[in-house]
Amino acid sequence: MSSVVDEAASEPKPVVGPFASPAARSLIGGLAAAATWLAVAALIAYWPDTPDSDWAYTDDFAALTGALAVALALAAFAGIWFAGLQRVRRLAPWLIALAVFLAAWEAVTAKLGLLPLPFFPPPQAILEVVVDDRTRLVACVLASFRLLATGYFLGATIGFVTGVAIGWSRIANYWIHPILRFIGPLPATAWLPLAFFIFPSSFSASIFLIALATGFPVTVLTWSGVAGVNSAYYDIARTLGASQRFLVLKVAIPAAMPHVFVGLFMGLGTSFAVLVVAEMLGVKAGLGWYLQWAQGWAAYANMYAALLIMALLCSGLITLLFRLRDRLLSWQKGLVRW
Amino acid sequence: MVVAAAPSERAHPVNNSPVRGTTLTIREVSHRFDLEGQPLPVLDRINLRIGRGEFVALLGPSGCGKSTLLRLVAGLDSPSAGGLFVEGKAIEGPDPSRIVVFQDPTLYPWRTVWGNVALGLEARGLLRTHRERVEDALRLVGLSGFANAYPHQLSGGMSQRTALARALVNDPKLLILDEPLGQLDSLTRITMQSELVSLWQRAGFTALLVTHDVEEALFLAGRVIVLSERPAQIRAEIVNALPYPRHRGDPYLAELRHEVFGHLGLDATW
């Protein structure tokens, strides 16, 4: 009876057969991806742009895709010796699909001119923006991040503490719950005109809005997490001599953590929305502002570049939160993979 | 109905290890729940005295109020009438000298086996000075190799042994067992019963076991208290003088079993 420790943690063994060793499969997949990217590089370099266009970065873009092809080929060969690089095989179908998409985009814009300009710039125009306007973009990323991080951190902290308080204390529940029910469902952006008027700076106003947007879901989920803790957990701790403080810190909060993280995810999502709206309407910095500014100049390539960067940032932050959750909640089984 | 008179301690096969257990007196205890304004009587004037280091089993039909009685002994609830006393002192709340092992192991899923066992010491601020007791308790239940496992990785028997270690680490004077083996498969159950007896013999605590398994009660306990249907009253008390270690096939146990079934009104099926 003592040997029933779960074995689900170990990976299933790969199928064995001709060309089925992980190294060989990784090599084939990696080389296929490299070949596709090389073809894209050739297409960009040797198929001339439409005569009336003057895309400055066509050759650089071709070089970039070519470099990627070389890197992929190297990684594919290195995968024979370094098992860590064999992940390339799993990524190969996506890398190929991405290359095909890029080739199609390049063809209908720069090469054939089928899509109207300036609304649909070719990929090299976005590369041009990223390279030429990098100082402004970096400044915008930093400004957005500073705003988001401050607001999110404040909102999550206040939301967490409030949630624990109303989940635990009857008095806190009596006084805070009605306020939460009344104000919570109001979209944070509805406060926008008022916030910019009340707060001394648009920066502090935006922090307030982001904190509000983050705080509501974090509060509600933390509260429901704390309120839903199995009462047997408390019985156990009480018979073992636990104080109230211990019950809150070592029983209620850890037991509520899975709920808290759901709240943190929801809060992060809404905080992105509020961040962009606040930057578009009031703050004179950040990626939201950049989008608005680019629209004013009908600089669509700049907008695509900003959107791309924004997508990378938001997705990166969500991934970061997932990693944190996986680390803290490794005791849970069957987590959703991001 | 036979009301349990306080028996002299020598009459029962008491632990021969240095006795650290406590006495427990239950005096005229009645309890009722309030179910939507309707009082639901659960316990009816229970009188019981348990000696130092004794192993007593409470046996009764399910839902008769056995677990309620245990919650009162643990100090998790207070009785509607009557009193419970440990060493002559009234029970007023939970205390780490009286530990309950529940039917459901209820381990904290976010803590490792080690962390779960360390819970009581941590709650009382003793962990820093008494770390070795966690390892001792794990060794006692045979889980030394699983200190870093999480509860979801354990089998039912291992979870229940962890729960037992979590209780034993506090060196309880009274161990309250609320059908602790009820959810285990029959083979694991038989192994764990023997383990419980040897733990009790080594550690010298007083044990109060609730079960609805007649064989389990007779195999483990020196005295079996048979309870009636709800509201529970003490219907009979059976002294089992068989020395430990016991053998399940002992004809004396079969005899006692017949007697217990009689008290439960089930002797026709025997």
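General remarks:
- In the stretch A:170-198, the residues that are within 16 Å of residue A:281 (Cα to Cα) reach residues that are of a type outside the set (Asp, Glu) and open to solvent by 70 Å² or more (accessible area, probe 1.4 Å) with C-beta atoms within less than 7 angstrom, at least six apart or across chains, in these pairs: A:192/A:281.
- Scanning the stretch B:135-163 for residues that are farther than 14 Å from residue B:108 by Cβ, modelled with pLDDT of 85 or more and open to solvent by less than 10 Å² (accessible area, probe 1.4 Å) yields B:137, B:138, B:143, B:158, B:160.
- Condition check for residue B:167: under 13 Å from the mean Cα position of the chain (by Cα), at pLDDT 85 or above and within 30 Å of residue A:328 (Cβ to Cβ): yes
- Annotation note: of A:224, A:201, the sole residue that is hydroxyl-bearing (Ser, Thr, Tyr) and at pLDDT below 90 is A:201.
- Scan of the stretch A:80-96 for residues that are over 28 Å from the mean Cα position of the chain (by Cα) and either of a type outside the set (Phe, Trp, Tyr) or part of a helix (DSSP H, G or I) (or both), ordered by number: A:80, A:81
- In this structure, residue A:195 does not satisfy being closer than 30 Å to residue B:165 by Cα, among the small types (Gly, Ala, Ser) and more than 14 Å from chain B (Cβ to nearest Cβ).
- Of the residues A:77, A:119, the single one that is part of a helix (DSSP H, G or I) and either open to solvent by less than 60 Å² (accessible area, probe 1.4 Å) or not small (Gly, Ala, Ser) (or both) is A:77.
- Test: residue in the stretch B:257-264 that is open to solvent by 70 Å² or more (accessible area, probe 1.4 Å) and hydrophobic (A, V, I, L, M, F, W, C): no
- Residue tally, condition at pLDDT below 90, assigned to a helix (DSSP H, G or I) and open to solvent by less than 70 Å² (accessible area, probe 1.4 Å), over the stretch A:55-71: 1
- Residue in the stretch B:207-228 that is assigned to a helix (DSSP H, G or I), modelled with pLDDT of 85 or more and within 21 Å of residue B:52 (Cβ to Cβ) present: yes
- Residue tally, condition open to solvent by less than 30 Å² (accessible area, probe 1.4 Å) and polar (S, T, N, Q), over the stretch B:47-70: 1
- Within the stretch A:219-268, the residues that satisfy the criterion of being in contact (Cβ under 8 Å) with a residue 24 or more places away in the chain, small (Gly, Ala, Ser) and more than 9 Å from chain B (Cβ to nearest Cβ) are A:224, A:225, A:227, A:228, A:252, A:256, A:263, A:267.
- If only residues of the stretch B:192-204 that are over 12 Å from residue B:220 (Cα atoms) and assigned to a helix (DSSP H, G or I) are counted, the one that is least open to solvent (accessible area, probe 1.4 Å) is B:203.
- Condition met for residue B:174 (within 13 Å of another protein chain (Cβ to nearest Cβ), open to solvent by less than 20 Å² (accessible area, probe 1.4 Å) and in contact with a helix residue (DSSP H, G or I) (Cβ under 8 Å, 6 or more places away or on another chain)): yes
- Test for residue A:103: is it in a helix (DSSP H, G or I), buried (at least 19 other Cβ atoms within 10 Å of the Cβ), among the aliphatic types (A, V, I, L, M) and at pLDDT below 90: no
- Residue match in the stretch B:71-82 (condition: over 30 Å from residue B:261 (Cα atoms), open to solvent by less than 40 Å² (accessible area, probe 1.4 Å) and either in contact with a Ser or Thr (Cβ under 9 Å, 6 or more places away or on another chain) or at pLDDT below 85 (or both)): yes
- Checking every residue in the stretch B:24-46 against the condition of being surrounded by fewer than 23 Cβ atoms within 10 Å (Cβ to Cβ), without any contact (Cβ under 8 Å) to a residue 24 or more places away in the chain, assigned to a loop (DSSP other than H, G, I, E, B) and within 14 Å of chain A (Cβ to nearest Cβ) gives zero matches.
- Single residue of B:207, B:241, B:254 found to be surrounded by 20 or more Cβ atoms within 10 Å (Cβ to Cβ) and among the small types (Gly, Ala, Ser): B:207
The values are calculated or read from the model by the stated rules, or taken from the named source; none is laboratory data. Just so it is clear, the model here is predicted, and its values are computed rather than measured. We place every Cβ from the backbone using ideal geometry, glycine too, and count neighbours over all the protein chains shown. We work out accessible area using only protein heavy atoms, side chains counted, and drop any ligands, DNA or RNA first. Shrake-Rupley method; radii C 1.70, N 1.55, O 1.52, S 1.80 Å.
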